[in-house]
Amino acid sequence: MSPHLQVYRLAFGTVLSGLHRISGVALSAASLLLVGWLVAAARGPQAYAMAIRFFSSVPVKLVLAAALAAFWYHLFAGLRHMAWDAGLGFDKAVTRKSGMTVVALAVLASILTLVLARRLFLAAP
């Protein structure tokens with residue numbers, strides 16, 4: 001019999017692996033927003049203005065911020081996987097430390113990007 005879900009605790013590496021997969025799927029979905037923006041830009045000034053109004057709404061800004069966080073996490077987790085492919089960092093202590101580093105770098109890079117792009121994200125529609 002498997003343990004109850006209240007008792008079972010997921011391993012840190014398992015959570016990070018799942019987040020890596022989820023962030024990849026989220027980036028694929030968010031790429032549709034990029035395609036929409038590019039199509040609007042190609043269709044002319046009126047379509048582009050409509051797209052800018054859409055992208056300036058608070059819900060879409062939140063989705064874009066989440067996509068940004070997914071991008072940074074997926075990038076740093078991918079670099080960690082590349083190190084593993086080279087045979088580096090398989091010790092239990094090293095994998096935990098590298099996992100925490102990936103999360104910290106993703107958070108810091110996301111915040112830094114949002115701060116640097118504050119005009120875009122905080123501009124009124």
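The values are calculated or read from the model by the stated rules, or taken from the named source; none is laboratory data. Note that this is a predicted model, so its numbers are computed, not measured. Please note: Cβ atoms are built from the backbone with ideal geometry, for glycine as well, and neighbour counts cover all protein chains shown.
If LEU64 meets every condition in (1) under 17 Å from VAL15 (Cα atoms); (2) in contact (Cβ under 8 Å) with a residue 40 or more places away in the chain apart from one, which number is that one?
(1)
Mind listing whichever residues of the stretch 8-54 are touching a helix residue (DSSP H, G or I) at 6+ places or on another chain (Cβ under 7 Å) and exposed (fewer than 11 other Cβ atoms within 10 Å of the Cβ)?
Of everything in the stretch 8-54, nothing turns out to be touching a helix residue (DSSP H, G or I) at 6+ places or on another chain (Cβ under 7 Å) and exposed (fewer than 11 other Cβ atoms within 10 Å of the Cβ).
Take the residues in the stretch 76-89 that are within 14 Å of MET100 (Cα to Cα) and of a type in the set (A, V, I, L, M), then tell me which one is surrounded by the most Cβ atoms within 10 Å (Cβ to Cβ).
Checked the stretch 76-89; the qualifying residue surrounded by the most Cβ atoms within 10 Å (Cβ to Cβ) is ALA77.
List pairs: first residue in the stretch 1-23 and closer than 12 Å to TYR73 by Cβ, second residue modelled with pLDDT of 95 or more and surrounded by 10 or more Cβ atoms within 10 Å (Cβ to Cβ) anywhere in the structure, Cβ distance under 6 angstrom, at least six positions apart or on different chains.
LEU16/GLY99; HIS20/ALA77; SER23/ALA70; SER23/TYR73; SER23/HIS74
Each row is one residue, and each column tells you yes or no for (1) within 28 Å of VAL107 (Cβ to Cβ); (2) part of a loop (DSSP other than H, G, I, E, B).
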| position | (1), (2) |
| --- | --- |
| ARG9 | yes, yes |
| GLY13 | yes, no |
| GLY18 | yes, no |
| ARG21 | yes, no |
| ALA30 | yes, no |
| ALA41 | no, no |
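Being more than 17 Å from GLY13 (Cβ to Cβ), part of a helix (DSSP H, G or I), at pLDDT 95 or above and out of contact with any strand residue (DSSP E or B) (no Cβ under 6 Å at 6 or more places or on another chain): is that true of ALA104 here?
no
Checking ALA124 against (1) modelled with pLDDT under 95; (2) assigned to a helix (DSSP H, G or I), which test does it fail?
(2)
What about GLY99, is it at pLDDT 95 or above and surrounded by 12 or more Cβ atoms within 10 Å (Cβ to Cβ)?
Yes: the conditions hold for GLY99.
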